[in-house]
Amino acid sequence: MSAIMDWIAGGLGWVLDQLVQLTGSYGLSIILSTIIVRLLLYPLTVSQTKSMVAMRRLQPQLDELQKKYGDDKEKYQQKMVELYQEHKINPLGGCLPMLVQLPILFAFFRVLNNAAFDEGAKFLGVWVLSQPDPYYILPILSAATTYLQSRMTMTDQSQKAMMFVMPVMIGIFSLSFPSGMVIYWITSNVFGIVQQAWMNKLYPVK
């Protein structure tokens with residue numbers, strides 16, 4: 001696992017260095033490299049969207065099973081699995097892109113921590129990329145964009161609480177993260193929101 005992380009971090013570091021040389025801006029390079037990563041993950045995003053659409057179309061039948069077998073959890077689970085098999089749906093299919101993004105996120109964090117930022121390198125003349133945001137603007141944006149993306153991709157209403165808990169956690173973590181890392185997260189979220197809106201048009205639930 002460590003070797004894979006080293007390989008991913010090395011690739012991301014090389015891309016970031018090339019973009020810095022091209023643009024002369026660390027902040028812009030972080031944004032561009034984030035977009036490149038999200039584009040590379042596009043096929044997985046399509047697979048995730050198709051899985052979410054299938055789950056949403058199946059939701060009325062799942063609700064019926066819940067009403068009918070809600071008191072018998074074992075029977076409910078059995079009928080739910082049968083329903084998934086009947087419609088050839090993998091309920092975990094929507095989780096794959098998220099799992100793939102985790103090592104990329106950790107690798108990016110390592111790259112940004114080890115990046116040879118110019119002393120006091122700033123983005124838009126406001127945020128020092130190697131330091132947390134003292135104005136709390138980026139943490140607020142990271143929480144807000146996380147919430148919006150979660151709201152667009154949520155399929156299981158029973159997990160609605162997580163739609164609020166996760167953004168709060170991300171916002172709190174962002175208070176101590178380097179601004180460069182938070183910019184990466186915000187950019188990834190914004191890209192994901194736009195991409196999901198496009199996917200919703202291509203693959204409507206009805």
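Computed values, structure above
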read-out: Filter result for I30 (in contact (Cβ under 8 Å) with a residue 12 or more places away in the chain and touching a strand residue (DSSP E or B) at 6+ places or on another chain (Cβ under 9 Å)); value: yes
read-out: Near pairs, Cβ below 7 angstrom, 6+ apart or cross-chain, from segment 62-77 (under 20 Å from M52 (Cβ atoms)) to any residue that is hydroxyl-bearing (S, T, Y) and outside any loop (DSSP other than H, G, I, E, B); value: L65/Y76; Q66/Y76
read-out: Residue in segment 127-166 that is most open to solvent (accessible area, probe 1.4 Å), counting only those that are at pLDDT below 85 and assigned to a loop (DSSP other than H, G, I, E, B); value: K160
read-out: Within segment 1-77, helices (runs of 4 or more DSSP H) holding 2 or more residues that are among the β-branched types (V, I, T) and over 19 Å from Q101 (Cβ atoms); value: 2-23
read-out: Verdict on M1 being surrounded by fewer than 16 Cβ atoms within 10 Å (Cβ to Cβ), under 19 Å from the mean Cα position of the chain (by Cα) and at pLDDT below 85; value: no
read-out: Positions within segment 97-126 being at pLDDT below 75, buried (at least 16 other Cβ atoms within 10 Å of the Cβ) and either assigned to a helix (DSSP H, G or I) or of a type in the set (S, T, N, Q) (or both), in sequence order; value: P97, Q101
read-out: Considering residues of segment 10-35 that are of a type in the set (A, V, I, L, M) and farther than 17 Å from V182 by Cα only, the residue farthest from the chain's Cα centre (by Cα); value: L22
read-out: Every residue from segment 18-60 that is surrounded by fewer than 16 Cβ atoms within 10 Å (Cβ to Cβ) and at pLDDT 90 or above; value: Q18, Q21, L22, T23, I35, I36, L39
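The values are calculated or read from the model by the stated rules, or taken from the named source; none is laboratory data. Model, not experiment: these values are computed from the prediction. All Cβ positions, even for glycine, are placed from backbone atoms using ideal geometry, and neighbour counts span all protein chains on display. These accessible areas exclude ligands, DNA and RNA; they are computed on the full protein's heavy atoms, side chains included. Shrake-Rupley method; radii C 1.70, N 1.55, O 1.52, S 1.80 Å.
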